[in-house]
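Below is one structure, written out as structure tokens; the observations come after it.
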Amino acid sequence: MLKRSLVIPTALPHRNDNAVVNALTIDVEDWYHATFLGVPESSWSTCEERVVESTEHILNILDESSVHATFFVLGWVAERAPKLIRAISDRGHELASHGTMHRQVFSQTPEEFVSDVKRSVELIQSAAGQPVCGYRAPAFSVGKNESWALQELAALGFRYDASIFPIRNFLYGIANAPRFIYPICEGRMVEIPPATVHVGSWRFPIAGGVYFRFLPLPLILWGIHRLNHSENQPAILYLHPWEFDPKYPADGVNSLARWSHGLNKKDMDRRLRKLLSTFSFAPIREVFSSQLNEVYVRDKNYKLAPSAV
Ligand SMILES: [Zn+2]
């Protein structure tokens with residue numbers, strides 16, 4: 001059973017033949033924000049800034065295929081590079097929040113969390129003039145004990161969260177969380193999980209980050225194909241600008257973190273282009289427009305309105 005499930009089709013569908021539209025997401029943060037590197041906040045202002053160049057590199061690849069994505073922007077970046085955020089918006093992409101300081105949710109009090117999220121929305125919206133209605137926690141740090149954060153997001157007027165990874169590893173995730181979009185917070189928001197596939201009785205992430213760089217590309221293509229055709233579900237993928245920057249200056253971190261951070265970066269351009277030529281992609285607000293329009297929105301915060309999606 002396991003072996004049969006791992007058979008990879010030799011002929012994957014052409015992009016235009018695929019009826020299911022997937023969601024491509026980019027977490028816009030610099031190399032030193034990656035949680036597992038452990039670079040302290042006090043050192044960030046002395047680190048070499050690489051995020052503008054690497055994000056523009058991704059934008060150019062997306063332009064080649066006329067694909068739009070959702071960019072979860074860190075407030076820290078929006079404050080220092082507002083022109084980049086404006087450019088992302090002007091090129092037709094969706095903007096969403098990745099918080100301001102890349103602090104894991106469980107490390108914050110509810111008051112600190114709300115302050116951090118509100119600040120990020122203010123920075124993104126003032127840079128781009130585009131409403132923000134989606135959130136992804138740094139390092140997928142909404143677990144079983146952080147449901148309070150989802151309630152805070154709903155109270156702030158968000159329509160969706162994309163922070164709960166439906167597998168459990170040493171850093172994050174909820175092992176048995178639903179794998180596909182589901183209502184949360186009494187229907188005031190929806191949760192949009194990153195892509196996983198079932199192989200036998202196992203659940204595997206294929207969605208992005210180190211998984212996307214580590215796994216063989218044919219296996220990733222097979223996984224998305226299986227999601228689209230066997231389960232009739234879109235795949236939600238996540239990437240980071242620093243993953244496209246082989247010259248990242250990660251001096252001073254331990255060798256394991258350096259290895260993980262740098263793994264297979266030189267192949268990222270080819271991998272992304274292959275994905276874009278094989279499958280259809282759109283921003284979250286388009287892929288899940290019907291579900292998002294059903295979500296009750298509190299209009300008093302940030303003047304979010306149904307037309308925002
Ligand atoms: Zn992040």
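The values are calculated or read from the model by the stated rules, or taken from the named source; none is laboratory data. Everything numeric in this text was worked out from a predicted model, so none of it was measured. Every residue, glycine as well, gets a Cβ built from its backbone with ideal geometry; the counts of neighbours run over all protein chains shown.
Take the residues of the range 42-90 that are basic (Lys, Arg) and surrounded by 15 or more Cβ atoms within 10 Å (Cβ to Cβ): which is farthest from the chain's Cα centre (by Cα)?
Narrowing the range 42-90 to residues basic (Lys, Arg): 50, 80, 83, 86.
Going one step further and asking which of them are surrounded by 15 or more Cβ atoms within 10 Å (Cβ to Cβ), we end up with 50, 80, 86.
Working: Arg50: 19, Arg80: 21, Arg86: 19 Å.
Across the range 42-90, the extreme among qualifying residues is Arg80.
Would you be able to say whether some residue in the range 214-228 is in contact with a Leu (Cβ under 7 Å, 6 or more places away or on another chain) and of a type in the set (Gly, Ala, Ser)?
No, the range 214-228 has no match at all.
Under the condition of being among the small types (Gly, Ala, Ser) and part of a helix (DSSP H, G or I), which residue from the range 32-67 is nearest to the ligand (Cβ to nearest atom)?
Among them, the one singled out is Ser54.
What are the residues in the range 136-165 that are within 15 Å of the ligand (Cβ to nearest atom), touching a Gly at 6+ places or on another chain (Cβ under 6 Å) and not in a helix (DSSP H, G or I), if any?
The one that is within 15 Å of the ligand (Cβ to nearest atom), touching a Gly at 6+ places or on another chain (Cβ under 6 Å) and not in a helix (DSSP H, G or I): Phe165.
Counting just the residues of the range 82-103 that are in a loop (DSSP other than H, G, I, E, B) and either polar (S, T, N, Q) or touching an Asp or Glu at 6+ places or on another chain (Cβ under 8 Å) (or both), which one comes out farthest from Trp44 (Cα to Cα)? Break it down into steps so the answer makes sense when it comes.
Taking the range 82-103 as the starting set, the residues that turn out to be in a loop (DSSP other than H, G, I, E, B) are 91-93, 98-103.
Now drop any that are not either polar (S, T, N, Q) or touching an Asp or Glu at 6+ places or on another chain (Cβ under 8 Å) (or both), which leaves 91, 98-103.
Details: Arg91: 28, His98: 17, Gly99: 16, Thr100: 13, Met101: 10, His102: 11, Arg103: 13 Å.
Looking at residues that are in a loop (DSSP other than H, G, I, E, B) and either polar (S, T, N, Q) or touching an Asp or Glu at 6+ places or on another chain (Cβ under 8 Å) (or both), I get Arg91.
So, of the residues in the range 130-183 that are surrounded by 20 or more Cβ atoms within 10 Å (Cβ to Cβ) and of a type in the set (S, T, N, Q), which turns out to be farthest from Gln291 (Cα to Cα)?
Here the residue is Ser141.
List the number of the failed condition for Ala235; all other conditions in (1) under 17 Å from the mean Cα position of the chain (by Cα); (2) without any contact (Cβ under 8 Å) to a residue 60 or more places away in the chain hold.
Of (1) under 17 Å from the mean Cα position of the chain (by Cα); (2) without any contact (Cβ under 8 Å) to a residue 60 or more places away in the chain, only one is false for Ala235: (2).
For Gly187, only one of the following conditions fails: (1) at negative phi; (2) away from the ligand (no atom under 16 Å from the Cβ); (3) at pLDDT below 95; (4) not hydrophobic (A, V, I, L, M, F, W, C). What is its number?
All conditions pass for Gly187, except number (1).
Quick check, is Val132 part of a helix (DSSP H, G or I) and in contact (Cβ under 8 Å) with a residue 12 or more places away in the chain?
Details: part of a helix (DSSP H, G or I): no; in contact (Cβ under 8 Å) with a residue 12 or more places away in the chain: yes.
So Val132 fails the test.
Could you check the range 1-31 and list, in sequence order, the residues that are modelled with pLDDT under 90, surrounded by 11 or more Cβ atoms within 10 Å (Cβ to Cβ) and not in a loop (DSSP other than H, G, I, E, B)?
Answer for the range 1-31, where residues must be modelled with pLDDT under 90, surrounded by 11 or more Cβ atoms within 10 Å (Cβ to Cβ) and not in a loop (DSSP other than H, G, I, E, B): Ser5, Arg15.
Quick one: count up the residues across the range 114-129 that are in contact with a Lys or Arg (Cβ under 8 Å, 6 or more places away or on another chain) and either hydrophobic (A, V, I, L, M, F, W, C) or surrounded by 21 or more Cβ atoms within 10 Å (Cβ to Cβ) (or both).
Matching residues across the range 114-129 total 2.
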